[in-house]
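This report concerns only the one structure given below.
Computed from the coordinates by the stated procedures, all read-outs in this text should not be read as laboratory data. These numbers come from a predicted model, not from an experiment. Here the Cβ positions follow ideal geometry from the backbone for every residue, glycine too, while neighbour counts run over all protein chains shown.
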Amino acid sequence: MNKKILVTRSSMPPMDEYINEIKEMWDTHWLTNAGKKHEELRGLLKDYLGVKDLELFTNGHMALELSLAALGLSSGEVITSPFTFVSTTNAIVRSGLKPVFCDIKEDDYTMDPDKMEALITKDTVAVMPIHVYGNVCDIERIQEIADRHGLKVIYDAAHTFGESYKGRGIGSYGDISCFSFHATKVYNTIEGGAACFADASLGEKLAQMRDFGIVDEERVAYAGPNAKMHEFSAAMGICNLRHVDEEIAKRAKVSARYRERLKDIDGLILNPVKKDVRSNHAYFPVVFEEEVFGVSRDVVFDALNKNNIGARKYFYPITTAVECYRDTYDPLDTPIAKRISESVLTLPIYADLTMDEVDRICDVVGGCRRA
Ligand SMILES: *Cc1c(COP(=O)(O)O)cnc(C)c1O
């Protein structure tokens, strides 16, 4: 049997580099609460991401939740897309807000601004679009509609670490953009996340909110959770940041090889490369058009599995179809999102995936075709 290929593999720095980074913590005994590593990482990421300011969190999900809170949003409707990881929808619901689901565009799977405006009501307070697979949303049109209706814009930028659009860091768009630094993402702090913003008043609010809402020793202004990033995560982030450009360059090679091998197979739709975007090659999604390809996505998924290759049905099901939402929402309200979720697979991609392994994967995918 061939060696198992997982869908992703977490990036780790050389062990000595990490040990060196954490050594001084045995002198300081300062392990969390905005320590030295935390502040250092924050500064490094501000530069790297090209954003005015950012706050760090224990994960990307808490960055999303507390961004809604910091913008003062606790009731009303938020327009979003169901073609995402369930975190996006959960963040809205857990904040006491009502998600309103907008369909996605056929070509890049991000929220369709043409369908967004019709969903705006007197109760709409914000939009939370997702840069799906690293595909940048229609930022200009979303912002224009939001501005016209006085809506806040919070981007779920979990897939877009290191990307830029029209020469600007992707995290600099919207009122707030949230990144995830989860182990499976292009860049990780083991678990972690960040909210990026330009409005200076948001920084202090976010910092208090992620620390139980504590203002000072005797004042608590908000019923906050604990969502602080600790020093071991920050140290991992400092190390991984030194290598991330190299990792993205390796991902680009994997992505190019996939394209080369798959582009001429009828019935496969490969992820678009948008102009003005510097891509991070976070995912390699393939949409299978069953009528042309001859078999369904699920057949390919099973064939890959049988060959010890772990592809993912990502995102399937869409969030409106999961157990906790399907009684309230109807996946048929967003037919394109539903169809894409039923026909997409993300193929393995990570920096150290070899060209031989990519070829092995492409051989299995191509071999499934029934013309
Ligand atoms: C990973 C992810 C999140 C959640 O981030 P965590 O760091 O795992 O909490 C949210 N939205 C999307 C689209 C994601 O991929």
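Below 8 Å, C-alpha to C-alpha, sequence gap of six or more: please give me the relative contact order for the range 244-367 in percent. Each step should come with its number before you reach the end.
Working: 158 pairs, mean separation 44.9, N = 124.
Reported relative contact order: 36 percent.
Applying 1/(1 + (r/R0)^6) with R0 = 41 Å to the Cβ-Cβ distance of Lys4 and Lys52, what FRET efficiency is obtained, to the nearest 0.05? Display every interim value, and only then the final one.
Values: r = 43 Å, r/R0 = 1.05.
Approximately 0.40, to the nearest 0.05.
As an exercise, find the ratio Rg/Rh for the range 152-275 from alpha-carbon atoms, using the Kirkwood inverse-distance average for Rh.
1.08
So how strong a dipole does the range 228-285 carry about its Cα centre when Lys and Arg Cβ are +1 and Asp and Glu Cβ are -1, to the nearest 20 debye? It would help to have the intermediate numbers written out before the result.
Values: 12 positive and 8 negative charges, 19 e Å.
Approximately 100 debye in magnitude.
Say each of Val295 and Lys23 gets a label point 7 Å from the Cα, pointing the same way as Cα to Cβ; how far apart are those two points in nm?
5.4 nm
When Lys37, Lys250, Lys23, Lys275 are ordered from fewest to most other Cβ atoms inside 10 Å of their Cβ, what list results? Let's see the in-between values first.
On the way: Lys37 27, Lys250 17, Lys23 10, Lys275 6.
Arranged by neighbour count, lowest to highest, Lys37, Lys250, Lys23, Lys275 become Lys275, Lys23, Lys250, Lys37.
Under 18 Å between alpha carbons, and skipping anything fewer than 8 positions from Lys228 in its own chain: which aspartates and glutamates qualify?
Candidates past the 8-residue exclusion: Glu39, Glu40, Asp53, Glu55, Glu65, Glu191, Glu204, Asp211, Asp216, Glu217.
Once you have a ≥ b ≥ c as the square roots of the Cα gyration tensor eigenvalues for the range 221-371, tell me rounded if a/c is under 1.5, and otherwise prolate or oblate according to whether a/b is larger than b/c.
On the way: a/c = 2.12, a/b = 1.18, b/c = 1.79.
Since a/c reaches 1.5 but b/c is at least a/b, the shape of the range 221-371 is classed as oblate.
What dipole magnitude, in Debye to the nearest 20, does the chain give about its Cα centre under +1 on Lys/Arg Cβ and -1 on Asp/Glu Cβ?
Numbers: 45 positive and 57 negative charges, 141 e Å.
My answer is approximately 680 debye.
Taking the alpha-carbon centroid of each part, what is the distance from the range 248-321 to the range 1-53 in angstrom?
The distance from the Cα centre of the range 248-321 to that of the range 1-53 comes to 30 Å.
What length, rounded to one decimal in nm, is gained on full extension from Arg326 through to Ala200, with 0.36 nm per residue of separation minus their alpha-carbon distance?
Working: separation 126, 0.36 × 126 = 45.36 nm, distance 3.89 nm.
Result: 41.5 nm gained on full extension.
Order of 319-330, 107-118, 78-89, 24-35 by packing, highest average Cβ count within 10 Å first?
Details: 319-330: 15.6, 107-118: 19.2, 78-89: 25.2, 24-35: 12.3.
Answer by packing, highest mean first, reads 78-89, 107-118, 319-330, 24-35.
If the reach is capped at under 19 angstrom between alpha carbons, list the lysines near Lys152, excluding any in the same chain fewer than eight residues apart.
Hits, sequence-local ones excluded: Lys52, Lys98, Lys115, Lys122, Lys205.
Most fluctuating residue of Asn90, Asn59, Asn305 in a GNM of the chain with Cα springs under 10 Å: which is it?
Asn305
Of Thr184, Val299, Ser233, which is farthest towards the positive pole of the chain's charge dipole, taken about the Cα centre with +1 and -1 on the beta-carbons of Lys, Arg and Asp, Glu respectively?
Val299
Based on DSSP H runs of at least 4 residues, each adding -39500 (n - 2.57), what is the mean residue ellipticity at 222 nm of the chain after dividing by all its residues, to the nearest 500 deg cm²/dmol? Let's see the in-between values first.
On the way: 13 runs with 138 residues, N = 371.
After summing the helix terms and dividing by residue count, I get -11000 deg cm²/dmol.
Short version: ³J(HN,Hα) in whole Hz for each residue of the range 133-147, in order, from phi by Karplus 6.51 cos²θ - 1.76 cosθ + 1.60 (θ = phi - 60°), x for Gly and Pro, what are they?
Here the 3J(HN,Hα) series is 6, x, 6, 6, 4, 6, 4, 4, 6, 4, 5, 5, 5, 4, 4 Hz.
Rounded to the nearest 5, what is the percent of antiparallel bridges among the DSSP beta bridges in the range 15-238? Can you show the working numbers first?
Working: 16 of 30 bridges.
In the range 15-238, approximately 55 percent of DSSP beta bridges are antiparallel ones.
Please give the Cα centre distance for the range 93-111 versus the range 151-175, rounded to the nearest Å.
Their Cα centres are 16 Å away from one another.
May I ask you to compute the full-extension gain from Ala223 to Arg148, defined as 0.36 nm times their residue separation minus their alpha-carbon distance, rounded to one decimal in nm?
Numbers: separation 75, 0.36 × 75 = 27.00 nm, distance 3.21 nm.
That works out to 23.8 nm of additional length.
Can you tell me the mean projection area, over all orientations, of the convex hull of the range 161-231's alpha carbons? Units nm², please. It would help to have the intermediate numbers written out before the result.
Numbers: hull surface 23.6 nm².
Here the figure is 5.9 nm², rounded to one decimal.
Which of Tyr329, Gly162, Cys102 sits farthest toward the positive end of the charge dipole of the chain, with +1 on the Cβ of Lys and Arg and -1 on the Cβ of Asp and Glu?
Most positive-ward Cα: Gly162.
Over the alpha carbons of the range 15-238, what is the largest minus smallest coordinate on each principal axis, giving the biggest first in Å?
59, 41, 27 Å, listed from the longest principal axis down.
Mind giving me the FRET efficiency for Leu44 and Lys275? R0 is 25 Å, r the Cβ-Cβ distance, nearest 0.05 is fine. Let's see the in-between values first.
Working: r = 29 Å, r/R0 = 1.16.
So, using R0 = 25 Å, E works out to roughly 0.30.
Going highest first, how would you order 133-144, 352-363, 152-163, 201-212 by mean Cβ packing within 10 Å? Could you put the intermediate results ahead of the total?
On the way: 133-144: 20.8, 352-363: 15.8, 152-163: 26.2, 201-212: 18.5.
Final packing ranking: 152-163, 133-144, 201-212, 352-363.
Residues with amide H under 5 Å of Thr124's amide H, sequence separation 5 or more or different chain, H placed in the peptide plane at 1.01 Å from N; which?
Glu77
If you plug each phi of the range 358-371 into the Karplus form 6.51 cos²θ - 1.76 cosθ + 1.60 with θ = phi - 60°, what whole-Hz ³J(HN,Hα) values come out, in order, with x for Gly and Pro?
4, 4, 4, 5, 5, 4, 5, 4, x, x, 7, 4, 10, 7
For Lys166, list the aspartates and glutamates whose Cα falls under 14 Å from its own Cα; do not include residues on the same chain fewer than 8 positions away.
Asp138, Glu140, Asp276
Using +1 at the Cβ of each Lys and Arg and -1 at the Cβ of each Asp and Glu in the range 236-371, identify which of Ile318, Val244, Val273 lies farthest towards the dipole's positive end.
The residue sitting farthest along the positive end of the dipole is Val244.
Report the net charge of residues surrounding Tyr283, where surrounding means a beta-carbon distance below 13 angstrom and charges are Lys +1, Arg +1, Asp -1, Glu -1.
Details: positive: Lys185, Arg251, Arg312, Lys313; negative: Asp108, Glu163.
Charge balance in the 13 Å sphere: +2.
Over the chain, what is the relative contact order in percent, taking alpha-carbon pairs closer than 8 angstrom and at least six residues apart?
Values: 770 pairs, mean separation 82.2, N = 371.
Relative contact order of the chain: 22 percent.
With r as the distance between the Cβ atoms of Lys313 and Ser172 and R0 = 25 Å, compute the FRET efficiency 1/(1 + (r/R0)^6) and round to 0.05.
Details: r = 32 Å, r/R0 = 1.29.
Once rounded, the FRET efficiency stands at 0.20.
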